[in-house]
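The values are calculated or read from the model by the stated rules, or taken from the named source; none is laboratory data. This one's a predicted model, so the numbers in the text were calculated from it and none came from an experiment. Cβ sites come from the backbone with ideal geometry, for glycine too, and all protein chains shown count toward neighbours. What goes into the accessible areas is simple: the full protein's heavy atoms, side chains included, and nothing from ligands, DNA or RNA. Shrake-Rupley method; radii C 1.70, N 1.55, O 1.52, S 1.80 Å.
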Amino acid sequence: MLSERINILFKMLSCNNTDVARYAGCSSGNISKLKTGNREPPPSSRTVISFVNGVYGYADYENLLPELQELCGSADISRESMVQALISWLYESDNVVLPVYVAEKRSKRILALSRREFGKRFNRAVTLLGLSNSAIANHLNIDVSLISRYRSGIYSPGKNKRLSEKLAELLVSRAEKTGKAGELAELCGTDEAHFDTDTIWAWLFDFSPAEDSSKAIALLQSIDNLIPSGDVTDTLNADKKALKAPEVPELPEVTEAPETVYYYGIEGRRNALIRFLGDAAREGGELYMYSDEPADIVLGIDEYHKLWTALMDNCIKHGVKIKIIHNIDRDNTKIIRAIARWAPLYVSGMIEPYKFREKRDVRFYHTLFLHPGGACIHGFFPVSSENRWYEYITDQTRLEIIKNEFDSMLSVASPVMKVFSSGSREDYNSFALLRQKSRAFLLTGFPLATIPEKLFQKIISHSGLEEQPKKFLSDLHSGLRKQFRALLETGTVNMFICTAEKPVKQDRNVNFAFDLINLPVTYTQGEYAEHIAAIIDLVKAEKNFHLTLLPKQSAKEIQLVLTDTAASIIYCRTTVKAFSFFDAEMKESILSWFSEMLDLYSDDRQIVIEKLEKLHQLNLAENDPAYPSA
């Protein structure tokens, strides 16, 4: 009987309905009906095929395919063979005829991501309009518990055309009655004149993960394109079409001036900022910066933007630390543009960016640039005003009051990013490897922690390094190996590796960049083959280790680390830095990109092993006994 065999199967795999449902792409209730015998569909049905693919996916993830193969008598552990054998075992028949889609890979990450995004957007709209779950349920004539699931992103009515259109109509009607059509239109990324039911429907349901992951790609590219020296003017001049970055002007020191000077209009603001940054570079200290004025208006022409960047760079070179607050109502695309604009400056590690958790006042613009003990630029005026004016304050009493005000602003802001360098490597390793339940890595080569001890000693023996650096690397390697083993015992590791499809004829560098180190230590071809053999053993033995091989690098000089709390982009040129993002939406953007990579390139464990074995053969040294003969 089908239900009896399913219970035997679940006991052997130590799994439950939810475990299998996650890989089958269905609800746990559907699995329960099969397990209890309430439903017994034919073996060729999509229900059974989905269920068996879910069992295979779970067993593959938990490294239990050999046990499953033994149970069902499959010839090998490939998906196609195992699914056929498992269905025959479940129905106690060798004459099961299956359709062509039997072994299709049922990845549901994209659908899950779309549901989560719908839930976030729907919840924001409902909160804005002050609608209760019961009111929505009554209007749609559905159970109130379903609305709660909509808002949490568990379910989406997107496939039900009548229900989804009725929901969009309700939101538009409510917005018009409460006078919030303009705010809802802004939430949807349009204006009130173009706002209608079709707009809100498209915003809620027509979501592609590419929208979210494209933000991550833009962020990766902005960091990947940094100039190795970290010099801002070099970065500006890297674009041949752009004008040469201007020299920082010699700014006269103002010895006597009123304690408050007024600057008018956008041009006045620019002149005030030139004076402000020039004085800050001379005097040192810290800068505190906040402005919700549109950056494209304020920075304006390309030449001024370059001058502004050069002045900021000048401050950093003179040891000035900068804290800047961004706004939550600037979507992540705008935040990423800001980060791309500031990326050359972030390499210094002298900038701490924050983000307000609450939406700004849409009626006023507010600018506050503070150099404690020096000066402050303060502007506050209606959004609709054409007459902007800014105070340039040097009165020490007022500066102390403004400093307290800025501290209160920081207390309600969240950190967006932190930069780690080789000097803070221990802090970074603790942050990236310890106290986390799950980690995902995208690396340009297999990490240091996966090299066996004897092999690593062989590699550094011909490195040409002095004894002290060798000892440092040996101690680092031993520590990382212990951390990695502990990590596999307590959580899950998903690793994406960009590998070459041809033998490594030239020297290949050991991947130290993940550990914020840049040293020219190389493998021989045979040593690299040994490392691949160790990776094969790791994939076979560790159920919590999951490897995806990528055919090409998404960015030339960066690696990624994704943990429960942050996403880190590691810049791997001459200066190795880790840009760690704590902002939830930014992290979600990078997670979306990771999900897309999984959908495109992830394979079953056995296929990964076969690819690694092929790569191993390609990289065997010609004098190796296992080297394939012609």
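Of the residues I459, T492, L442, the one whose Cα sits farthest toward the positive end of the charge dipole of region 436-496, with +1 on the Cβ of Lys and Arg and -1 on the Cβ of Asp and Glu, is T492. For region 455-462, putting each phi into the Karplus relation 6.51 cos²θ - 1.76 cosθ + 1.60 with θ = phi - 60° gives couplings of 5, 5, 5, 5, 5, 6, 5, 10 Hz, in residue order, rounded to whole numbers and with x for Gly and Pro. Checking the Cα-Cα distances for K317/K587; K355/K418; K323/K403 against a 20 Å cut-off, the pairs over it are K317/K587. Accessible surface calculations at 1.4 Å, restricted to protein heavy atoms, place region 440-543 at 45 Å² per residue. Probing with 1.4 Å while keeping every protein chain in the model, the per residue accessible area of region 375-418 equals 51 Å². Extension gain, Y601-S93: 0.36 nm per intervening residue step, less the Cα-Cα distance, totals 179.5 nm. Legend: calculated FRET efficiency, D537 to T190, from the Cβ-Cβ distance at R0 = 51 Å, rounded to 0.05, equals 0.40. Taking packing as the residue-averaged number of other Cβ atoms within 10 angstrom, the listed peptides 447-454, 40-47, 58-65 run from highest to lowest as 58-65, 447-454, 40-47. A simple count of charges around I77, restricted to other residues whose Cβ falls under 9 Å of its Cβ and scoring Lys, Arg +1 and Asp, Glu -1, yields -1. How many percent of the accessible area of region 6-102 is carbon or sulfur, using a 1.4 Å probe? Solvent-exposed carbon and sulfur of region 6-102 make up 47 percent of the total.
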